[in-house]
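Shown next, in structure tokens, is the structure this report addresses.
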Amino acid sequence: MLRQTSLFQSDLDFCPDCGTVLPLPGVEDMVACRRCDYRVDVKAFHGVEIKSAIFLNEPTKIIQNDVNDTNQRKHVGPKVDRKCLQCGHEQMTYTTQQTRSADEGQTVFYTCLECRFQEIEFS
């Protein structure tokens, strides 16, 4: 059913009746909403540029440390209140990896924010 009037005005990306994201035009003559019975002629999309993007977690950022050795880097990531065994600083960053079989716990790698001492914990 091709309607001339809709409940609200929207971009071609959205169904004007229910607001659902419309599927991308394909080889069919009509683009049909998957939630309601709204349909639009595929010719309405002619000349329209459709862009999409997928954003995943950003890779871990690395910044320069404020020390004399510029090759030394400081890891920035999730922080946890954990006392460093070497210098006693109360905060560390951590990363996790599955280093053993899937039915065993993950391995947690801690790095001190102060002295960059590293600890490993097998869960």
Restricted to the stretch 77-123, and to residues that are part of a loop (DSSP other than H, G, I, E, B) and among the aliphatic types (A, V, I, L, M), which residue is least open to solvent (accessible area, probe 1.4 Å)?
113
Flagged pairs (Cβ under 9 angstrom, 6 or more apart or on separate chains; first in the stretch 18-42, without any contact (Cβ under 8 Å) to a residue 24 or more places away in the chain; second among the polar types (S, T, N, Q)) are 19/10; 33/20; 34/20; 35/20; 36/20
Going through the stretch 8-35 one residue at a time, which ones are in contact with an Asp or Glu (Cβ under 8 Å, 6 or more places away or on another chain), open to solvent by 40 Å² or more (accessible area, probe 1.4 Å) and part of a loop (DSSP other than H, G, I, E, B)?
29
Of (1) open to solvent by 80 Å² or more (accessible area, probe 1.4 Å); (2) in a loop (DSSP other than H, G, I, E, B), residue 43 fails just (2)
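The values are calculated or read from the model by the stated rules, or taken from the named source; none is laboratory data. This structure is a prediction, so every number in the text was calculated from the model and none was measured. Note that each Cβ is placed from the backbone with ideal geometry, even for glycine, and that neighbours are counted across all protein chains shown. These area figures cover heavy atoms from the full protein model, side chains too; ligands, DNA and RNA do not enter into them. Shrake-Rupley method; radii C 1.70, N 1.55, O 1.52, S 1.80 Å.
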